[in-house]
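Everything below concerns the one structure shown next.
The values are calculated or read from the model by the stated rules, or taken from the named source; none is laboratory data. Please read these numbers as outputs of a predicted model, since none were measured by experiment. Cβ atoms come from the backbone with ideal geometry, glycine included; neighbour counts cover every protein chain shown. Quick note on the areas: whole protein, heavy atoms, side chains included, nothing else; ligands and nucleic acids left out. Shrake-Rupley method; radii C 1.70, N 1.55, O 1.52, S 1.80 Å.
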Amino acid sequence: MKTALTIAGSDSGGGAGIQADLKAFSANGVFGMSVITAVTAQNTQEVRSVQNIDNRIIREQIEAVFDDIPVDAVKIGMLSSPATVETVAQALKKYQPNQIVLDPVMVSKGGHHLLQDEAIQSLIEHMIPLSTMITPNIPEAEVLVKRKIDTEEDMLTASKALLELGAKMILLKGGHLQGNPNDLFYDGQYFHWLHGERIETKNTHGTGCTLSSAIAANLAKGHSMFEAVKLAKQYISIAIKHSLDLGHGHGPTHHFYELYEKANLK
Ligand SMILES: Nc1ncnc2c1ncn2[C@@H]1O[C@H](COP(=O)(O)OP(=O)(O)OP(=O)(O)O)[C@@H](O)[C@H]1O
Ligand SMILES: Cc1ncc(COP(=O)(O)O)c(N)n1
């Protein structure tokens, strides 16, 4: 079985972070492993508090996995502080995994800062250049390229600027613009639009986490980056279409909808 490792924060509510990543890995047919960078006390409504994990333990989790188990792809989510960014970047430089998908998580749906402002520069300097793919949403891309993105035309310009930060490829997610959620894939040579249909739901907690983990899982299974992104976009669209009305805020997506359908589990 192919494997994928998530390096991210824990979401006690189960819809985003490590919990979403492991579900997305399993649903996409790879063995999931995890390195926890921070523990959040969180539900569908809010992030109540955050405890960053000690850098030594973060490094040791990464070493424990890489020293023993083959890692076919890595997905990175919440990195919280500059020290966490640097610890993770240093460890990944040592092990040099082939595929690193970085979701530059900054602010939760409820508006809580999951990446300290001081960590943005560290992310740009240390983490983005190591990444095979980065998957910013519109507000994250605006912070990274320091300009407004209001239209699909702006997305094209921003993708070029994002690539200059040093990642090999970009998936700029269009979910935050008006209209249909169209994402832009750019590999430095070609642009490809991945067209989506907007699903009217408030249950979109963890969509970015789930999408980036599905990309990592598909890369682990040997798909090309573009194929991995196309399959992941199909997967997240189904997971949002059948999202779960749990909690009083933004509910989670249904990570296992297709498998449950096939197995007749309701
Ligand atoms: N209402 C929706 N209907 C269909 N697809 C959507 C919808 N909202 C977002 N998407 C898609 O879901 C994926 C995740 O995008 P989104 O922009 O929500 O990421 P995000 O803001 O990083 O997510 P999160 O921060 O919740 O983890 C993208 O492919 C996007 O186009
Ligand atoms: C631990 C963790 N990681 C990532 C997110 C982003 O997800 P969302 O934007 O849907 O709140 C989150 N809320 N919590």
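A few remarks follow.
- Residues located in segment 14-61, provided they are more than 16 Å from ligand 1 (Cβ to nearest atom) and on the phi > 0 side of the Ramachandran plot: 29
- Any hit, segment 127-139, residues being among the hydrophobic types (A, V, I, L, M, F, W, C), at pLDDT 95 or above, open to solvent by 10 Å² or more (accessible area, probe 1.4 Å) and away from ligand 1 (no atom under 16 Å from the Cβ): yes
- Scanning segment 183-195 for residues that are under 23 Å from residue 210 (Cα atoms) and open to solvent by 20 Å² or more (accessible area, probe 1.4 Å) gives 186, 187, 191, 192, 193, 195.
- The numbered conditions (1) of a type in the set (A, V, I, L, M, F, W, C); (2) open to solvent by less than 10 Å² (accessible area, probe 1.4 Å); (3) over 22 Å from residue 117 (Cα atoms) are all true for residue 8 except (3).
- Residue match in segment 164-181 (condition: at positive phi, at pLDDT 95 or above and open to solvent by less than 70 Å² (accessible area, probe 1.4 Å)): yes
- Pair list, Cβ < 7 Å and 6+ apart or interchain, from segment 183-203 residues that are over 19 Å from residue 240 (Cβ atoms) and among the charged types (D, E, K, R) to residues that are open to solvent by less than 50 Å² (accessible area, probe 1.4 Å) and more than 6 Å from ligand 1 (Cβ to nearest atom): 187/169; 187/225
Table: residues versus (1) exposed (fewer than 14 other Cβ atoms within 10 Å of the Cβ); (2) over 19 Å from the mean Cα position of the chain (by Cα); (3) modelled with pLDDT of 95 or more; (4) aliphatic (A, V, I, L, M).
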position: 148; (1), (2), (3), (4): yes, yes, yes, no
position: 214; (1), (2), (3), (4): no, no, yes, yes
position: 226; (1), (2), (3), (4): no, no, yes, no
position: 231; (1), (2), (3), (4): no, no, yes, yes
position: 251; (1), (2), (3), (4): no, no, yes, no
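- No other residue among 218, 203, 182 is in contact with a strand residue (DSSP E or B) (Cβ under 9 Å, 6 or more places away or on another chain) and over 29 Å from residue 160 (Cα atoms) apart from 203.
- When every residue of segment 196-208 is checked against the conditions, none turns out to be farther than 21 Å from residue 20 by Cβ, buried (at least 16 other Cβ atoms within 10 Å of the Cβ) and not hydroxyl-bearing (Ser, Thr, Tyr).
- Filter result for residue 78 (among the aliphatic types (A, V, I, L, M), touching an Asp or Glu at 6+ places or on another chain (Cβ under 8 Å) and open to solvent by 10 Å² or more (accessible area, probe 1.4 Å)): no
Residue-wise test of (1) within 24 Å of residue 99 (Cβ to Cβ); (2) in contact (Cβ under 8 Å) with a residue 24 or more places away in the chain; (3) surrounded by 18 or more Cβ atoms within 10 Å (Cβ to Cβ).
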{"residue": "27", "(1), (2), (3)": "yes, yes, yes"}
{"residue": "32", "(1), (2), (3)": "yes, yes, yes"}
{"residue": "37", "(1), (2), (3)": "yes, yes, yes"}
{"residue": "41", "(1), (2), (3)": "no, yes, no"}
{"residue": "47", "(1), (2), (3)": "no, yes, yes"}
{"residue": "51", "(1), (2), (3)": "no, no, no"}
{"residue": "54", "(1), (2), (3)": "no, no, no"}
{"residue": "60", "(1), (2), (3)": "yes, no, no"}
{"residue": "66", "(1), (2), (3)": "yes, yes, yes"}
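- Residue in segment 1-23 that is farthest from residue 220 (Cα to Cα), counting only those that are assigned to a strand (DSSP E or B), within 11 Å of ligand 2 (Cβ to nearest atom) and not polar (S, T, N, Q): 11
- Qualifying residue in segment 86-106 (condition: of a type in the set (Ser, Thr, Tyr) and within 16 Å of ligand 1 (Cβ to nearest atom)): no
- Cβ pairs under 7 Å, 6+ apart, first in segment 243-261 and at positive phi, second among the β-branched types (Val, Ile, Thr): 247/44
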